[in-house]
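The values are calculated or read from the model by the stated rules, or taken from the named source; none is laboratory data. Nothing here was measured: the structure is a model prediction, and the numbers come from that model. Please note: Cβ atoms are built from the backbone with ideal geometry, for glycine as well, and neighbour counts cover all protein chains shown.
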């Protein structure tokens, strides 16, 4: 099963808005993210609040907000 097949719909939509490339989104999700205090997004997304946080960050970045 591909990584993106397991994503929450909100996270997937926000991620594809930003990256438009599944490989780039998958890479971002598996690397430490500055906006998450260097936490890895996939680990943060283990909880519902973490999934919302990751989706919010992806949308903000897509709209030019520097985090």
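Among the residues examined, residue 29 does not qualify as under 11 Å from the mean Cα position of the chain (by Cα) and modelled with pLDDT under 95.
Being in contact with a strand residue (DSSP E or B) (Cβ under 9 Å, 6 or more places away or on another chain) and surrounded by 17 or more Cβ atoms within 10 Å (Cβ to Cβ) holds for only one residue in 40, 57, and it is 57. In this structure, residue 55 does not satisfy being in contact with a helix residue (DSSP H, G or I) (Cβ under 9 Å, 6 or more places away or on another chain), farther than 16 Å from residue 4 by Cα and at pLDDT 95 or above.
Within region 3-14, residues that are closer than 16 Å to residue 47 by Cα have Cβ atoms under 6 Å from residues that are modelled with pLDDT of 90 or more and assigned to a helix (DSSP H, G or I) in these pairs: 8/51; 10/55; 11/51; 11/54; 11/55, counting only partners at least 6 apart in sequence or on another chain.
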